[in-house]
1. Of all residues in the range 1-56, count the ones that are over 30 Å from ARG85 (Cβ atoms) and modelled with pLDDT of 75 or more.
2. Restricting to the range 33-81, name every residue that is buried (at least 16 other Cβ atoms within 10 Å of the Cβ) and farther than 30 Å from GLN91 by Cβ.
3. Going by what's in this entry, would LYS59 be described as modelled with pLDDT under 95 and assigned by TED's automatic domain parsing to the domain that holds ARG85?
Amino acid sequence: MIIAITSIIAIVVIVFVLGVRPKDLPEPEPVSPFAHLDERKAAIYDNLRDLQFEYRVGKLSDNDYQLTKKDLQKELASVMAEVDRVKLQLQGGRASSPPVPAPKVKAVQDPLTCPHCNARFEVELKFCGECGKPMKAVRA
Ligand SMILES: [Zn+2]
C-alpha cells in the first residue's frame, strides 16, 4: 500500500515536473521588429532617470549633466527614427527601403537637368539654356 502511494506520488511528481517545465521556459515571443528598439528606448529612459537623479543629488556638474543628457536625447531620437523607419517598412513593404544616397549628382533621367552641364531649369526644355546642347540624353 505504501509502495503504491509512493509510486503514485512519484508519478504525480514526474507528471507535474514534465507538465510544468515547458511553461517555465520563457514563451517564444512573437517576433516583433520593435522589441529591441523598445528595449533600447527603455534603457535610454532609465539612463535619463539615473542621470537626473545623480544631477539632483549633486554627483554631476551642470556641464556633465547637460552633455550626457544631450547624448542620450540624441540616441533616443535615433531610436525613434529607427522605429519610424521600421513602421514605414512594415506598412509599405518593399516600397520604403532606407533612402539610398544617390552615388553621384548625375540625374540622367531628370528632364529638367541638362545632362551636359547639369544646369537645372524650372520647365522642361528641348535645348539647354546654359550650354545650348539638347536636354535629352543622346543615348536614350
Ligand atoms: Zn547645358
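The values are calculated or read from the model by the stated rules, or taken from the named source; none is laboratory data. What you see is a predicted model, and the numbers here were worked out from it, not measured in a lab. Positions of Cβ are generated from backbone atoms using ideal geometry, with glycine treated the same way; all protein chains shown enter the neighbour counts.
1. 4
2. Result: ASN47, LEU51, TYR55, LEU60, TYR65, THR68, LYS69.
3. yes
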